[in-house]
Each structure stands twice: as C-alpha cells, then as structure tokens.
1. Anything in the range 399-446 that is of a type in the set (Lys, Arg) and either within 25 Å of Trp157 (Cα to Cα) or at pLDDT 95 or above (or both)? List them, or say none.
2. Identify, please: which residue in the range 387-401 is buried (at least 17 other Cβ atoms within 10 Å of the Cβ) and among the charged types (D, E, K, R) and is, among those, farthest from Ile336 (Cα to Cα)?
3. Looking for something at pLDDT 95 or above and basic (Lys, Arg) - is there at least one such residue anywhere in the range 350-360?
4. Could you grab me the full set of residues in the range 209-230 that are hydroxyl-bearing (Ser, Thr, Tyr) and part of a helix (DSSP H, G or I)?
5. Here are Phe141, Phe214, Phe132: which of them is more than 25 Å from Lys50 (Cα to Cα) and touching a helix residue (DSSP H, G or I) at 6+ places or on another chain (Cβ under 7 Å)?
6. Can you give me the ranges of the helices (runs of 4 or more DSSP H) entirely in the range 61-128 with at least 1 residues that are farther than 26 Å from Asp37 by Cβ and modelled with pLDDT under 95?
7. For the range 411-428, how many residues are part of a loop (DSSP other than H, G, I, E, B) and under 21 Å from the mean Cα position of the chain (by Cα)?
8. Considering (1) touching a residue at least 40 places away in the same chain (Cβ under 8 Å); (2) assigned to a loop (DSSP other than H, G, I, E, B), say which one Lys276 fails and leave the rest.
Amino acid sequence: MKTVREQIVDLLIEVEREQSYAQLSLKNALEDLDSRDKALATEIFYGTLKYQIQLDYWINQYSKTPVRKMKPLIRNLLRMSVYQMIYLDKIPSSAIINEAVKIAKKRKFQGLSGFVNGLLRNIDREKENLSFPDPKKSLSFSYSIQYALPEWIIEMWLEQYSKEEVAAICEALNKRAEVCGRCNTLKGDKEALIETLKAEGVVVEPGRLLDEAFYVRKLDKLQNLASFKVGAWTVQDESAMLVAHVVAPQKGDTVLDMCSAPGGKSVHMAALMENKGNITSCDVHPHKLELIEKNAKRLGISIISPTLQDGTVLNETFVGKFDKVLLDAPCSGLGIMKRKPDIRHNKTKEDLEDIASIQRAIVKNAVQYLKPNGRLVYSTCTISYEENEKMAHEIAEQYGLELEDIVDTIPKCLKDAVKEKGMIQILPQMADTDGFFIASFRKGRL
C-alpha cells in the first residue's frame, strides 16, 4: 500500500508527464484519505507545484546531476522533500529525509537512495544560507526564482508594470487561495445565510468588494453542508463576481454567455435578473453542459438554457438576438495561479499568441450576436496585455464598438484601476482576489 507521500510523488509525476489538471488529479487521489492526510497531501502537492522553479534552482546548487536529467521519480521526490524542509517547519527534516530514502528504495531505486539521502542532508544543513540570484545582474531571473514564476512571465509584466508592482503581483499569487462564497439572493439574504453557516460550524468573514460575497474558514467538504446542498450559496471569487455586475443584466433581458461552463457567471446573472428573462449558456463540451445544468438546478434557477456551441463557429440563429453578450474568453489563466499552480509549468509565451487567435475568432461572432445598441462584456482571468488591453482596443477599433463607462459598476476601492472608462485590470494584490480583466462595449444602432 502506498504512503501519502508516495501518492503525492506519483501525482507530481502524472501532472508533469501528462500535463493533466492538478485539481482533478488531486481530487481523485484524495477520496480514500482521512481529513488529516488530505490536508497534508494538499499542502505538499500544491506547495511543490507552486514553488517548483525555486526548488529546482536550489536542488541544482547542490547536485552534480541537473534536475532536468534526473529520473522523474527522483526529481519529484527531491522537489517534494525540499519543499517540506523549507516551508513546513512542523515536520522534522530527519523524518522527511528518511521517508524519501524509503520511497526511493521501495520504488527500485536502491542505487540512488544514497544520492537522495546525501543531497537532502546537504540542503538541510545549508537551509539558512539559501539565497536568490542577484537582482542587479538580472531582475527578471531573480524574481523568477524568488517568486517561483517562469521568467518569461516576469519579463512580460516588467514591460507593463513597475518592478514594485510586479513584486506585489508575484507575492499575491503566492498566497494561499481562499474560499470565497456568494450568497444566492434568490433563496434568501446574506445575514440569514451567515447565521446558518455559523450554526454549521463554519467561520465566516465579510467580503472585501461586494455585498453578496463572504469568505469561509475551517471548512472540510463544503459539498456536505446542508446550506450548500440546498443552493443557499455557491463558490465564486470576488473578481469573477464583478463580471456579472458589469454586464448588469435586467429582468427580461435576453443574455448570451458564450463560454459558460461551469456556469458561475450565468447563475450570478440569473440572480441579478431575479430569475426573469433568458440566458443561453454555451460550451463546446457536452459533459460541461451537465455542470451548468446541475449548478442552475441546485440554485433554483430556471432561465438558463445550456447549449452546445463552439464559440469560434458562427451560429446563424444567434445573430442579432441578444441584448447582452458575455464573452468570458479562454485565456492563459495567469491571474489564477494561486489556485492552479500547474499553470506556471504548462503555459508558454507562444501559447499566448495561439490563445489570442482563438479569442479573436470568438469576438468576431460575439459582435454579430448583439442586437442594435446591445452590450458586449469581455473578460479573462489573466494578466496579459496581449489578451486583455490589446484585445479590448482591437474590439473597439475593428468592429466599431464603443468602450462604455463601467465606473459605476466597480467597487469604490477599485475605481482608480478603471482604464479609459471602459476596462479594468484587477491585479491580485488590490483586494487579495484573483487577477481579472473586464471590458464593456456598446454596439451602435443600425
């Protein structure tokens, strides 16, 4: 039978080899573990992925064999062990090293067990002397190691933001992801919900941006809470909640959510519409439509129509039909790296160009789906000029849409971040939320 740490090593190998989704891999692996082991596995797995670039740098300082040339099991075993030694001070280094040696031997790497033992003991002895590269020689490389982010991302951000802002972005993305809830106003008010949550043993803290938002602590399985099961609330980051407020759908509107799954923004818009009107929620994968339908049903929403539709393919029946179109576009996801640390390793600079091409194809159709005087809201969960501000300018210039004032839909503490009145780049340090971009446009009358 595999130990918890052995399971973590196998998960790290799987994510590295298959570029599989870390969240899904971890969820499947955790099913048979008790709550204590789940918490430990989650901490080590996500922490190792998050700090992998930094961990590799330190391992390479003490190893004659570069990390990239090591056997996958040895490489990930060392990463996991160094992460624990550096960041989890409640676990004795001796126990971490002994466990690593045991795993190496058990997995038929007896010949490398001495290498694992010696390297980890060297790093443990030098823990207090570990340092980052000199920022005077290369700020981007220094930041890359210090914050465990790919150097190409740091270089890209330094072109747009000051070094202080880039450091703040990086620090925010290395914080622990929080669980943010949104009260389902179709089923009651937030005050009553908070009392219910407290009675269920949940610690609740107020939202930072929006009235319907709150944060939950000391939560094991939220799916088991009665209040969640009956749809009194759902999970959504506050920056993502802002999108529906910018769309500002009204009762009776006909709304299109072009890239909807799992439906978080669709169900939020439905709540703002008081469940009156029609929302067509699209995705290209049939199984994701089931998620939208399940989400809507739990929250008591009847105005959402899950629809199989590829956003890059024009649907003639949609042309000129919608009052409002939300395009929460496929993107690089750089704004949500604290939730999905594997993004740090499976995205490249070249990917941004490919993603932007897909975005342009979807935008072309989105504009056609609007009624005269209709509104298009474009959003992403990334921090990238190519996918965000540049795309917003292209939409305005190429299709003759006008950026419209969104200041009144943005919380007071973020108003200074609104650019050119119609777009906002929410950086993760602004309110400890995910990084998000939102732009709003209006189509002229014919």
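The values are calculated or read from the model by the stated rules, or taken from the named source; none is laboratory data. Since the model is a prediction, treat every value here as computed from it, not as a measurement. Note that we place each Cβ from the backbone using ideal geometry, even for glycine, and neighbour counts take in every protein chain shown.
1. Filtering the range 399-446 down to residues of a type in the set (Lys, Arg) leaves 412, 415, 419, 421, 442-443, 445.
If the condition is that a residue be of a type in the set (Lys, Arg) and either within 25 Å of Trp157 (Cα to Cα) or at pLDDT 95 or above (or both), then Lys415, Lys419, Lys421, Arg442 are the ones that fit.
2. Only one residue fits best here, namely Glu389.
3. Looking through the range 350-360, at least one residue is at pLDDT 95 or above and basic (Lys, Arg).
4. Listed by number, the list holds a single entry, Ser227.
5. Numbers: Phe141 fails: more than 25 Å from Lys50 (Cα to Cα); Phe132 fails: more than 25 Å from Lys50 (Cα to Cα).
After ruling out the rest, the residue left standing is Phe214.
6. Numbers: elements: 72-87, 93-106, 110-125.
Those helices (runs of 4 or more DSSP H) span 110-125.
7. The first filter runs over the range 411-428 and keeps only residues part of a loop (DSSP other than H, G, I, E, B), leaving 411, 420-422, 427-428.
Cutting the leftovers down to under 21 Å from the mean Cα position of the chain (by Cα) gives us 427-428.
Total satisfying the criteria: 2.
8. Every listed condition holds for Lys276 apart from (1).
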